[in-house]
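Engineer: Sharing a structure here in structure tokens format.
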Amino acid sequence: MSSNDSIKKIITVAFSLCIVCSVVVSTAAVLLKPAQQANRDLDRKRNILQAAGLLEEGKTVEELFQRIQPRYVDLRTGGFAEDVPAGYNQQKASKNPQLSTDLSDKEDRAGIGRQAHFVEVYLVEAPDGDGLDKIILPVHGYGLWSTLYGFVALESDINTIAGLGFYEHGETPGLGGEVDNPRWKAQWPGKKVYRDGEPAIALAKGSVDSSSPDAQWRVDGLSGATLTSRGVTDLVQFWLGEKGFKPFLNNLKTGDA
């Protein structure tokens, strides 16, 4: 066999192997896609429940989620949205000029650039089925290195925080990454959002002085992570402010949503 025949045979075998591997990988990706989507949906539900302090031992996520009613809000009107496009995805919509609003530098405290028109919120029924127990709102904004994605849960008075948690971020472990620390997250429940009608909840510079008149609107800052702390303050105040959910929350309180 000539050297040319050997080279051709090697190339043919390598090419055939690449084709077979590509087919196997593509087939596996298609077959696994439904399971991957189901896992993402389950993880999202778990994070929603966790932010509101609703996870319970002995009960599945699906069982606990039966108390929760997802609804879309139109941030342009402050009311519930009934005309959300099929297959709507908020992150993709925020990049679509027809489905989002371009925020000015002055408006964009959270550093998100564009804001999707429709946002999914989660209403939690009272245990006895009589009225609203909590409302869970998605929030996101820029920290030091990344956009932080999470949920903030409010009690039925629409002013007391039931919990806050981030499910995705790229902040520095041990510094800004302390947003994942259960001890830090445990400070949020019971804190107040609004003072004189404006969002006043913020991270302190250092530890909160419990004797301070501002204590009920303050959470300990993240040690060594000034920019992440500022980012968390900005994103929470943005989403609970006039450009975020505040008009909707006001309408929800008065029954006009």
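Engineer: Using a Gaussian network model on the chain with a 10 Å cutoff between Cα atoms, which of Asp157, Asp220, Asp234 fluctuates the most?
Structural biologist: The residue that fluctuates most here is Asp157.
Engineer: Could you identify which residue out of Leu132, Leu203, Leu17 has the top mean-square fluctuation in a GNM of the chain using Cα springs shorter than 10 Å?
Structural biologist: Leu17
Engineer: Most mobile of Val13, Val152, Val236 per a Gaussian network model of the chain (Cα springs, under 10 Å)?
Structural biologist: Evaluated over the chain, the most mobile residue of the options is Val13.
Engineer: Do the sum for the chain: with -39,500 (n - 2.57) for every DSSP H run of n ≥ 4, divided by all residues, what is the mean residue ellipticity at 222 nm, to the nearest 500 deg cm²/dmol? Could you put the intermediate results ahead of the total?
Structural biologist: On the way: 6 runs with 85 residues, N = 257.
Rounded to the nearest 500, the figure is -10500 deg cm²/dmol.
Engineer: Using a simple charge model, +1 on the beta-carbon of Lys and Arg, -1 on the beta-carbon of Asp and Glu, nothing else, what dipole does the chain show about its Cα centre, in debye to the nearest 20?
Structural biologist: Dipole of the chain, to the nearest 20 debye: 820 debye.
Engineer: Please identify every one of the trypsin sites (Lys or Arg not before Pro) in the stretch 45-131 that sits in a loop by DSSP and has no more than 15 other beta carbons within 10 Å of its own beta carbon. Walk me through the numbers on the way to the answer.
Structural biologist: Values: sites: Lys45, Arg46, Lys59, Arg67, Arg71, Arg76, Lys92, Lys95, Lys106, Arg109, Arg114; in loops: Lys59, Arg67, Arg76, Lys95, Lys106, Arg109.
Passing both the DSSP loop test and the Cβ count: Lys59, Arg76, Lys95, Lys106.
Engineer: Counting other C-beta atoms within 10 Å, which of Ile19, Ile201 has the fewest, and how do the rest follow?
Structural biologist: Working: Ile19 10, Ile201 23.
Final ranking by Cβ density, sparse to dense: Ile19, Ile201.
Engineer: If you don't mind, another one. Rounded to the nearest 0.05, what FRET efficiency is calculated for Asp43 and Asn181 with R0 set to 22 Å and r the Cβ-Cβ distance? Before the final figure, lay out each step's value.
Structural biologist: Details: r = 20 Å, r/R0 = 0.89.
Here the calculated transfer efficiency is 0.65.
Engineer: If you don't mind, there's one more thing I want to ask. Can you pull out the trypsin sites (Lys or Arg not before Pro) in the stretch 150-257 that DSSP calls coil and that have at most 12 other Cβ atoms within 10 Å? Don't skip to the answer; put the middle values down first.
Structural biologist: On the way: sites: Arg183, Lys185, Lys191, Lys192, Arg195, Lys205, Arg218, Arg230, Lys243, Lys253; in loops: Lys191, Lys205, Lys243.
Those satisfying the criteria are Lys205.
Engineer: Between Ser16 and Ser212, what length in nm is gained on full extension when 0.36 nm per residue of separation is reduced by their alpha carbon distance? Walk me through the numbers before you get to the answer.
Structural biologist: Details: separation 196, 0.36 × 196 = 70.56 nm, distance 7.22 nm.
Separation in residues times 0.36 nm, less the Cα-Cα distance, equals 63.3 nm.
Engineer: Hey, another quick one. What does the stretch 96-212 give for Rg and for Dmax, in Å, if only its C-alpha atoms count?
Structural biologist: Here Rg and the maximum Cα pair distance are 16.0, 49 Å.
Taken together, the values in this text are just the output of simple stated rules run on the coordinates, not laboratory data. Keep in mind the model is a prediction, meaning the values are calculated, not measured. With ideal geometry, Cβ positions are generated from the backbone for all residues, glycine too; neighbour counts draw on all protein chains shown.
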